[in-house]
Structures are given as structure tokens and as C-alpha cells.
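Structure first, commentary second.
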Amino acid sequence: MSDDSSLDFPFPHRRSGHHAHAAERHRSWLARHRELADVADAAVYGHWEVAELAALSHPDAGPEELALAADMLGFFFLFDDQFDSALGRRPTEVSRICERLTALLYGALPDGTSGVERAFADLWRRSTAGMPGRWRARAAANWEWYFASHPAEAAGRLSGRIPDREGYLMLRRGTAAMETIFDMVERLGGFTVPQGTFHHPVLRQLRQVAADIPSYSNDVRSYPLEAPRGDVYNLVMIVQRERSCPPEEACSIVLAEAQLLVDRYTRLIAELPCAFRELELDEEQRAVAQRYADGMTAWLAGYLHWERWTGRYRTA
């Protein structure tokens, strides 16, 4: 889509000064996990600027943490893209792949013949290092949700049936992996949000809205690529069916809905100080909770800026 497909996000993006280090480390990681990297042509992958996305979305991460963020983002893109082939229309085979990866979260060893499993095992080991058990359990559940969503997406491609909006949201919130990305806000920052604060209604709403905004925006950007290959879990297609309207009008409607989410996100941010007072958080607890909210805001600002110019969503 054109540059007109941009949201008015009222928080400025920032960029980490460790970008060059992360980019070099990410290239080395891809070289070690060639089977995963080969999903995309190297020149094409370079235009996606994955390390730049990491630098924009995690501007306060240290050099090694930023390299981990770049590797994780690269895994998401490359893992998802393997299903753009005929494999993505074989739900049984997709289930087998995803169940094997899920098993790694709970102690299984990677298959020595699977480069994808070795790559994910490396990410999981590095991601969980030094993190408490509660965080690890939550992170494992969110990764499982991500992997478990792919067979249904494959079934959708096979059937060609466009889902209803509720079904779309259920699946999209899994395949988008935003809960995992927000888990990494804590991991990369070296903190964990107190349990009662993490599950407070305001912070839960903030997290859900922050997760939905990129999905709506991404559906507009990726529609020209997804429609020809038979993907059906795209909100533009659902709006087309709901409104009986052409694609450009559906894109405008989805962007308007996304802007409403941005406005709601801004209102929820303003409610956080009151929520912190009601919870009687001490100064340290309040600072941790605010760091988490700031991390989500930085992610959104960085992602929406990157999405405007990355080569990932350009058609030939």
C-alpha cells in the first residue's frame, strides 16, 4: 500500500545506537541457521531491515539484548514465510512441525536434522536465561499459542473460506505473536512486572490494544501479497465481505479502525497513574510497571515507522 496507509501514532520513535552490532550478530546467526535463512532470498531479506526493526522497537536494549531481539524477529518472519509455499496448505504437516517446536519449550531436544528446531532451541535458551519461573511459564504458553495457531491458518488457506471477525481475531492474536514480543520487553529490560499489576484490567487492555494495532495495520500493508496466494485471515478481506466494497475502501475502513485503537491506547496510557495508585504500588513497583508500558509504546512507535518503508511488504 502507499504511504497514505500510515497511522497517526502520537508517541515518537527512537533508535538504538547498537544497531550495527545487532546487524552483524544477526548475520552470523543466520549463517549458523542456514536452513531457516534459506526460506527467503538473501537479497530480499536484506531489504526487510530486520535489525533496524529491532533497533527501532527496542531502543533501550543493550547490544547483546538487541542482537537477541533481531534474531527473534528474523525467526518470526522466516518461520511464517515457509508457509507461503505449498506447505502452508497442508494442515497435518504444519501441525507436526509446530508440535515438535512446542515440545522444545518443555524439555525436548531438537531433531538433529531440523535446522528450524535448532534455531528455535537457540532462541528459547537465550530468551529464558536468568528469567524467573513465572515468566518462563508465561513465555512458554505464549509461544505455544503462536505455534498452535498455524495449523488453523493452513486449514483456512486450504478451504478458502474467509472467517468471521471473531474467528479472525482469535487466530490473528495467536499468529501475530505480540504477547511473546511483549514478554521480551521484560526480558530485554531485565525486569518482570509484578503479578497483580501485569493482570490489572488497565494493563491487560493496554496490552491487547497494543497487540491489535500492528495486526490491523499489517493486514492493510500485506493485503496485496496475501490476497493472490489465498490467505484468508486478513481483516481487509473480512471488511470487503461485511460491506460488499472494493479493496481500497476496505483498506481505508481497517485503517480507520486501527486509528480508533491508537486513540484508545493513548487514553489507556493516561489511566495508568490512577491504576498504580489504586494498587498501592511503591516507587520501585511503579517504575517497573511504567517501564513495561513504555516498552510497549516504543515497540509500537518503532514498528509503525519501520512498516512504512520496509521492503517486506512491497509487491514486485
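What per residue convex hull volume, in Å³, do the alpha-carbon atoms of the stretch 237-303 yield?
Spelled out: Cα convex hull of the stretch 237-303, divided by residues, is 102 Å³.
Magnitude of the Cβ-charge dipole of the stretch 126-224, K/R +1 and D/E -1, about the Cα centre, nearest 20 debye?
The dipole magnitude comes to about 160 debye.
If you bin the C-alpha pair distances of the stretch 168-316 every 10 Å from 0, what whole percents do you get?
Final binned percentages: 10, 37, 31, 16, 6, 0.
Leaving ligands, DNA and RNA out of it, work out the accessible area of Asp294 with a 1.4 Å probe and give it in Å² to the nearest 10.
Answer for Asp294: close to 80 Å² accessible.
Please report the relative contact order for the chain, taking Cα pairs under 8 Å with a sequence separation of at least 6, and give it as a percent rounded to a whole number.
27 percent
Just the ratio, please: alpha-carbon radius of gyration of the chain over 2.2 N^0.38 Å, N its number of residues.
0.97
Can you list the chymotrypsin sites (Phe, Trp or Tyr not before Pro) in the stretch 66-147 that are in a DSSP coil and have 15 or fewer other beta carbons within 10 angstrom?
For chymotrypsin sites (Phe, Trp or Tyr not before Pro) across the stretch 66-147 that sit outside H, G, I, E and B with at most 15 neighbouring Cβ atoms in 10 Å, the list reads Tyr106.
Once you have all Cα-Cα distances for the stretch 1-127, histogram them in 5 Å bins from zero and send the whole-percent values.
2, 10, 17, 19, 18, 15, 10, 6, 2, 0
Using a simple charge model, +1 on the beta-carbon of Lys and Arg, -1 on the beta-carbon of Asp and Glu, nothing else, what dipole does the stretch 16-58 show about its Cα centre, in debye to the nearest 20?
In debye, rounded to 20, the stretch 16-58 gives about 180.
Which FRET efficiency value, to the nearest 0.05, do you get for Glu24 and Tyr106 by plugging their Cβ-Cβ distance into 1/(1 + (r/R0)^6) with R0 = 25 Å?
0.15
Multiplying the sequence separation of Gln290 and Arg267 by 0.36 nm and subtracting their Cα-Cα distance, what value in nm do you get?
Computed gain between Gln290 and Arg267 is 6.8 nm.
Could you grab the relative contact order for the stretch 181-316? Cα pairs under 8 Å, six or more apart, rounded to a whole percent.
Over the stretch 181-316, the number comes to 39 percent.
Shape verdict for the stretch 157-238, please, from the Cα gyration tensor: rounded (a/c under 1.5), prolate (a/b greater than b/c) or oblate.
It is prolate, given that a/c is not under 1.5 and a/b is the larger ratio.
Return a whole-number percent for the relative contact order of the stretch 129-226, with Cα pairs under 8 Å and 6 or more residues apart as the contact set.
Reported relative contact order: 31 percent.
Dipole size in debye (nearest 20) for the chain around its Cα centre, Lys and Arg Cβ +1, Asp and Glu Cβ -1?
For this selection, approximately 480 debye.
Find how many whole Å separate the alpha carbon centroid of the stretch 75-143 from the alpha carbon centroid of the stretch 261-287.
Centre-to-centre (Cα) distance: 33 Å.
Can you give the calculated 222 nm mean residue ellipticity of the chain, where each DSSP H run of n ≥ 4 adds -39,500 (n - 2.57) and the sum is split over every residue, rounded to the nearest 500 deg cm²/dmol?
Value at 222 nm, helices only, nearest 500: -24000 deg cm²/dmol.
At 7 Å along Cα-to-Cβ for each site, give me the label-to-label distance between Ala129 and Arg314 in nm.
My value for the distance between the label points is 3.6 nm.
For the stretch 179-187, just list the computed ³J(HN,Hα) in residue order, Karplus coefficients 6.51, -1.76 and 1.60, θ = phi - 60°, integers in Hz, with x standing in for Gly and Pro.
4, 5, 4, 6, 4, 6, 4, 5, 4
Taking springs between alpha-carbon atoms closer than 10 angstrom, which of Ser95, Ser217, Ser159 fluctuates most in the Gaussian network model of the chain?
Maximum fluctuation in the GNM of the chain, among the listed residues, is at Ser159.
Given a 1.4 angstrom probe, what's the average accessible area per residue across the stretch 211-311, in square angstrom?
42 Å²
Using a 1.4 Å probe on the protein heavy atoms, what percent of the accessible area of the chain belongs to carbon and sulfur?
52 percent
If you roll a 1.4 Å probe over the heavy atoms of the protein chains, what accessible area per residue do you get for the stretch 33-184, in Å²?
Here the residues of the stretch 33-184 average 40 Å² of exposed surface.
Stokes-Einstein at 10 °C, 1.306 mPa s, Kirkwood radius from Cα pairs: D for the stretch 47-113 in µm² s⁻¹?
114 µm²/s
The values are calculated or read from the model by the stated rules, or taken from the named source; none is laboratory data. Source: prediction; values computed, not measured. Don't worry about glycine lacking a Cβ; one is built from the backbone with ideal geometry, like all the others, and counts go over all protein chains shown. Just the protein is used for accessible areas: all its heavy atoms, side chains included, with ligands, DNA and RNA removed. Shrake-Rupley method; radii C 1.70, N 1.55, O 1.52, S 1.80 Å.
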